[in-house]
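Data first, discussion second: the structure below is written as structure tokens.
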Amino acid sequence: MGEEFNEELVATAMQIIMNAGDARLQVKDALTHAKAFEFAEAEEKMKEAGRFIVQAHKSQTEVIQSEAGGKKYEYSMLFAHAQDTLMTIMSEIQLAEQLIDILKIVSQK
């Protein structure tokens with residue numbers, strides 16, 4: 001396995017982790033706004049989170065497609081961590097969307 005493939009995988013893993021982490025920060029801010037019933041601000045933060053998570057997912061997908069196309073990568077704990085981070089934050093986004101919807105209902109009562 002080439003050194004360049006390993007460097008590529010590390011760089012991609014870091015892109016995934018950074019974009020997913022930025023998405024997490026946006027979700028946290030969105031929930032803070034939602035708790036104050038500031039739903040327009042919360043929605044904007046969730047849109048930002050979506051943009052970051054899409055970038056992270058695209059990075060992951062590129063590696064998966066490359067590997068499916070025959071490119072060989074060595075196992076990378078960092079890439080595994082990046083995938084775990086991405087999956088976790090995607091779940092957080094889904095949960096936050098539901099919580100914001102619940103807070104909207106509560107705010108109307």
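Computed values, structure above
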| quantity | calculated |
| --- | --- |
| Among the candidates Lys28, Lys71, residue that is closer than 29 Å to Lys109 by Cβ and either among the charged types (D, E, K, R) or touching a residue at least 12 places away in the same chain (Cβ under 8 Å) (or both) | Lys28 |
| Glu44 being more than 17 Å from Asn6 (Cα to Cα) and surrounded by 13 or more Cβ atoms within 10 Å (Cβ to Cβ) | yes |
| Condition broken by Leu103, with the remaining ones in (1) under 19 Å from the mean Cα position of the chain (by Cα); (2) under 19 Å from His33 (Cα atoms) satisfied | (1) |
| Among residues of region 74-100, those that are among the hydroxyl-bearing types (Ser, Thr, Tyr), buried (at least 16 other Cβ atoms within 10 Å of the Cβ) and under 18 Å from the mean Cα position of the chain (by Cα), counted | 1 |
| Residue list for region 25-76, filter: polar (S, T, N, Q) and over 19 Å from Ile100 (Cβ atoms) | Gln55, Ser59, Gln60, Thr61, Gln65, Ser66, Ser76 |
| Meets criteria (at pLDDT 95 or above, part of a helix (DSSP H, G or I) and surrounded by fewer than 19 Cβ atoms within 10 Å (Cβ to Cβ)) for Gln15 | yes |
| Top-ranked residue in region 35-81 [being modelled with pLDDT under 95 and not in a helix (DSSP H, G or I); ranked as farthest from Asn19 (Cα to Cα)] | Gly70 |
| Residue check, Ala30 crowded, with 20+ Cβ neighbours inside 10 Å, out of contact with any Asp or Glu (no Cβ under 6 Å at 6 or more places or on another chain) and either over 30 Å from Asn6 (Cα atoms) or among the hydrophobic types (A, V, I, L, M, F, W, C) (or both) | yes |
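Yes/no matrix, rows are residues, columns are (1) closer than 18 Å to Met90 by Cα; (2) touching a Ser or Thr at 6+ places or on another chain (Cβ under 6 Å); (3) surrounded by 15 or more Cβ atoms within 10 Å (Cβ to Cβ); (4) not aromatic (Phe, Trp, Tyr):
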site: Phe37; (1), (2), (3), (4): no, yes, no, no
site: Val54; (1), (2), (3), (4): yes, no, no, yes
site: His57; (1), (2), (3), (4): yes, no, yes, yes
site: Gln60; (1), (2), (3), (4): yes, no, yes, yes
site: Lys72; (1), (2), (3), (4): no, no, no, yes
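The values are calculated or read from the model by the stated rules, or taken from the named source; none is laboratory data. Note that the structure is predicted; figures quoted are calculated from it, not measured. Glycine gets a Cβ as well: all are built from the backbone with ideal geometry, and neighbour counts include every protein chain shown.
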